[in-house]
1. With r as the distance between the Cβ atoms of Lys196 and Val314 and R0 = 51 Å, compute the FRET efficiency 1/(1 + (r/R0)^6) and round to 0.05.
2. Please turn the phi angles of segment 310-315 into ³J(HN,Hα) values with the Karplus equation 6.51 cos²θ - 1.76 cosθ + 1.60 (θ = phi - 60°), one per residue in order, whole Hz, x for glycine and proline.
3. So what does log10 I(q)/I(0) come out to for segment 15-58 at q = 0.24, 0.31, 0.33 Å⁻¹, using the Debye formula with one equal point on every Cα and no solvent?
4. Taking θ as phi - 60°, what are the ³J(HN,Hα) couplings along segment 514-522 by the Karplus curve (6.51, -1.76, 1.60), each to the nearest whole Hz, with x for Gly and Pro?
5. To the nearest 0.05, what FRET efficiency results for Ile307 and Leu349 with a Förster distance of 22 Å applied to their C-beta separation?
6. Report, to two decimal places, the Cα Rg of segment 384-501 normalised by 2.2 N^0.38 Å (N = number of residues).
7. Put a dot 7 Å past each Cα toward the Cβ at Leu460 and Lys555; how far apart are the dots in nm?
8. On the full set of protein chains, 1.4 Å probe, figure out the accessible area of Asp413 and give it in Å² to the nearest 10.
Amino acid sequence: MASQKFDNGSAVMGRWPGSSLYYEVLIVVFDPVTQLYTVRYKDGTELDIKENDIRTLGAFRTKKRSSASPSRRRSRSRSRSPARTKSPGRTPKKNQQSSPVPVDRDSRKGGFLKVHLTPLRLEDYSIEKSNGEAEVIGETDLLGEYLRTNVEKDYLREPLRSNVKREDYFRESLHSNVEREDYVESLHSNVERQEKVVEELVRSERVLRYKRKKDDYIEKESNNIEVVKAKPVEEPRLEFGGAIGTFLMTLSLLPLLSYLLYHCTQRNVSLLSFYPQWSLAELWNPTVLGYFTLWVLLNVVFYLIPIGKIAYGVPLPNGKRLKYRLHGLHCLLLVSVVVAALLYYQIDLIYIYEHLHQFAAAATLFSVVVSVYAFARSYRVPKEDLSEAGKYGNFLYGFFMGRELNPCIRNFDLKYFTAIQPTFIGWALLNFIMLLAEMNVQKLDKPSISMILVNVFQLLYVLHALWNQEGILTSLDIAYDGFGFMLAFGGFVWVPFTYSLQALYLVNHHVDVCYSTVAAITALNILGYFLFRRANNQKFAFRQNPDDPKLSHLKTIPTSAGSKLIVSGLWGWVRHPNYLGDIIMAWAWCLPCGFTSVLPYFYGFFLTALLIHRVIRVEQQCKIKYGPDWQKYCQHVPYRLVPYIY
């Protein structure tokens, strides 16, 4: 590829395309792909020309003229003999170039000067239509009328001669260099005058056309009977019933959790029994609050340890991509070491089970404080850092859903920490404490098979989530939801205390299961785990590199968003196979608790309803992102969760 010969911003002489005329131009930019220079003429016109059509200014330097009168110049030129020799001591002068007018340098080989002028054609002057096509000015236009009325004028007729006639004319009329230069200068001035006239006519024609179109539009609109109303700006779609629904959820979540914890710890308690009458003094325990605060601080310290690899989240609405450290599995191992040390020094961890209600109340208080802090600081951040709920403007809805998308205290991401540390690690820790409590309450030497199944299944789920922590960065909670009471209460309270209800129920309710039942429950959990892991891993790998040869067997459809959608395999079977696997695992975790009570099955009902609602939210986001392409995808994959059912 040839290099750039003329620098950007330099003044050179450029040939007008289709003619032999050179003008002084300014080089704007050079395109190394097309090898063309974009130059700007003095009248503002910008064209792309080749390097062969460009000369330096030195090639067109003007010959210095004597100050003597024209008659004296002619006499000197006549008196000088061609055979006359100069003095040997006199240095011969270099031949000076002619005036920097648009001339053809290649025509100076003979005794005359060739000037090639391209005849003016009506087709060369066109006006661009609105659809991109060229519209030639017709006979009724101003330019055509001008050319017809002035075609007989000498200054227009002479430049429009053919090349042969012009050469003969110059051969007969141009005798001396001075006369040729004067003639070319006058001819060039005529051409420039002519071009200016044409430009003015074209500009006038455009103005007239615009006025005519504007008048036609006004007349058409005035005759139009129907009044077109502007579409109202669509308000953001509200989740969970809007402000009223989120307010009721905020008030009802803690009483519902207390009801579940109370009934799971009691034996032979009817679901219709009266709600427990707990006083504030019974729920408030400063010691428990101190222990819980210490637990949170321990996780914060582990979170700030610079271990684990760095990953980036999805692009935010403001174009940024946040940086996350993937060290949840390391933090789980560190917590396990701390728990092992407490057991070694015979610290009674069953204390947490005995004060479970107080720990739930302390966690709730902590989540409220964090939510208030996040809500208050959201009014000091730029608008581009707000979530959809923050842009809505409702106080209650913004407090529950979260106004700020990613509240960070320096390098401490509050939402990311809450979604990983107290959620998954606290869930696994409570399950292990329930295992110890079962052995203590029921006087067992080893945990029951049902308790082992629940702990193993749920620990496998936690390990999978922390091992594939990068996949959480694309989840709805991290990528799109703001951080408010919903995520704070869910991370500190709801997930660890309600997802461990099966283990809590088994502490006071012994359930015997046979080996065939164990095998069936295990097979069901493996099926759900296979769907969950296979679908999530495939989705994450496809997002990272859609052209991966390992994914070449997948069929996809392109979208206007630039990405592709999978329409084969698990993702061609149903639209959300990962959610289907999650639901199957949830019910497999409940089955070891038997069928004597519906309480341990609360998690199965809750997760099924939650994921169905999440399916609706995710597909709403996809409709906005992919537009009509999402409808095409739904035609390829008609079922959301369960084939032929939903």
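1. On the way: r = 57 Å, r/R0 = 1.11.
It comes out at approximately 0.35.
2. Per residue, the Karplus-derived 3J(HN,Hα) values read 9, 9, 10, x, 6, x Hz.
3. Reported log10 I(q)/I(0), two decimals: -0.85, -1.31, -1.40.
4. 7, 5, 5, 5, 4, 5, 5, 5, 5
5. On the way: r = 26 Å, r/R0 = 1.18.
For R0 = 22 Å, the calculated efficiency reads 0.25.
6. On the way: Rg = 17.5 Å, N = 118, 2.2 N^0.38 = 13.5 Å.
For segment 384-501, the normalised Cα radius of gyration comes out at 1.30.
7. Placing both labels 7 Å beyond Cα along the Cβ direction yields 3.2 nm.
8. Counting only protein heavy atoms, the figure is 10 Å².
The values are calculated or read from the model by the stated rules, or taken from the named source; none is laboratory data. Quantities reported herein were computed from a predicted structural model and do not represent experimental measurements. Cβ sites come from the backbone with ideal geometry, for glycine too, and all protein chains shown count toward neighbours. With ligands, DNA and RNA removed, areas are computed over all heavy atoms of the protein, side chains included. Shrake-Rupley method; radii C 1.70, N 1.55, O 1.52, S 1.80 Å.
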